[in-house]
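This report refers to the structure that appears directly beneath it.
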């Protein structure tokens, strides 16, 4: 077998793997996330509401993308034990007159 015949299949495999990896890393919209349950993905959307349930077991923080609760499209959950990694999520994503929507469009990488 010639060298060209050996290298071509290897090149095709590398191209397929590269395309697959690029597609796997493509950010998803909040609406697309439902089709990727069980996967690790990057989800992007507008943060429209947050809620810190400090007195609830586990002290969860809920961050809703694109539509507020109870009609949320995607909800990110941060357990109380993980809050130090995120600072103050409610403050970071709260709409303010001087920042408008620029701070609200966010992406997060998580298990869906």
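Residues are listed down the side, and each one gets a yes or a no for (1) farther than 15 Å from residue 108 by Cα; (2) modelled with pLDDT of 90 or more; (3) surrounded by 12 or more Cβ atoms within 10 Å (Cβ to Cβ):
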residue: 10; (1), (2), (3): yes, no, no
residue: 17; (1), (2), (3): yes, no, no
residue: 35; (1), (2), (3): yes, yes, no
residue: 40; (1), (2), (3): no, no, no
residue: 45; (1), (2), (3): no, no, yes
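Find the residue count for the stretch 70-92, including only residues that are more than 18 Å from residue 110 (Cβ to Cβ) and assigned to a loop (DSSP other than H, G, I, E, B). Total meeting the criteria: 3.
The residues on offer are 53, 21, and the sole one that is modelled with pLDDT under 85 and either within 15 Å of residue 89 (Cβ to Cβ) or loosely packed, with under 10 Cβ neighbours inside 10 Å (or both) is 21.
The values are calculated or read from the model by the stated rules, or taken from the named source; none is laboratory data. Keep in mind it's a predicted model, so treat the numbers as computed, not measured. Counting neighbours? That spans all protein chains shown, and the Cβs are built from the backbone with ideal geometry, glycine included.
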